Amino acid sequence: METTHLGKPAALPASPDEATLDYVPNPRGDALYLVRFTAAEFTSLCPVTGQPDFAHLVIDYAPAQTIVESKSLKLFLGSFRNHCGFHEDVTVGIGQRLTKEMQPKWLRIGGYWYPRGGMPIDVFWQTSAPPEGLWLPDQGVQPYRGRG
């Protein structure tokens, strides 16, 4: 399968809409397993003030026929640094795009956003109930207490 980014120089996309996500064949398509990506320094912009918002994202999925290529995912997530969107829109939008393009057996995303106006906003989305037998560890992000 041809990839856009792997092994090639790649600039940060100007926006999530311009970002290309690459997918490769799942080498263990017959197995039920979990893949986790953690972006502990995710950034987007507030659509009202234009100020940066920061989050700790955890993306868990059970692959079907394909897996997302990690360099393309990092560039896609990085493209949000200039994107204006509410926490809910950004978190759910990332999960929905990955689901639409990759078509995993199951996917969930946890967006643990740092405080805005003194209040942290955490956003969680998943495609459905997890498949029976899937080992599903806790996402490991503590409730906000300085979230260090």
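Below is a table of values for the structure above.
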read-out: Evaluation of Val24 against (1) touching a residue at least 12 places away in the same chain (Cβ under 8 Å); (2) of a type outside the set (D, E, K, R); (3) in a loop (DSSP other than H, G, I, E, B) (one fails), failing number; value: (3)
read-out: Any hit, region 60-80, residues being over 12 Å from the mean Cα position of the chain (by Cα) and modelled with pLDDT under 95; value: no
read-out: When residues of region 109-129 are limited to those that are under 17 Å from the mean Cα position of the chain (by Cα), of a type outside the set (A, V, I, L, M, F, W, C) and assigned to a loop (DSSP other than H, G, I, E, B), the one modelled with the lowest pLDDT; value: Tyr114
read-out: Search result, residues across region 112-133 that are in contact with a helix residue (DSSP H, G or I) (Cβ under 9 Å, 6 or more places away or on another chain) and free of Cβ contacts under 8 Å to residues at least 60 places away in the same chain; value: Ile121, Asp122, Val123, Phe124, Trp125, Gln126, Thr127
read-out: Residues that are within 22 Å of Tyr144 (Cβ to Cβ), surrounded by 18 or more Cβ atoms within 10 Å (Cβ to Cβ) and out of contact with any Pro (no Cβ under 7 Å at 6 or more places or on another chain), drawn from region 77-120; value: Leu77, His87, Val90, Thr91, Ile94, Gly95, Arg108, Ile109, Gly110, Gly111, Tyr112
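The values are calculated or read from the model by the stated rules, or taken from the named source; none is laboratory data. Since this is a predicted model, take the numbers as computed values, not measurements. A quick note on method: Cβ atoms are made from the backbone with ideal geometry, for glycine too, and the neighbour counts reach across all protein chains shown.
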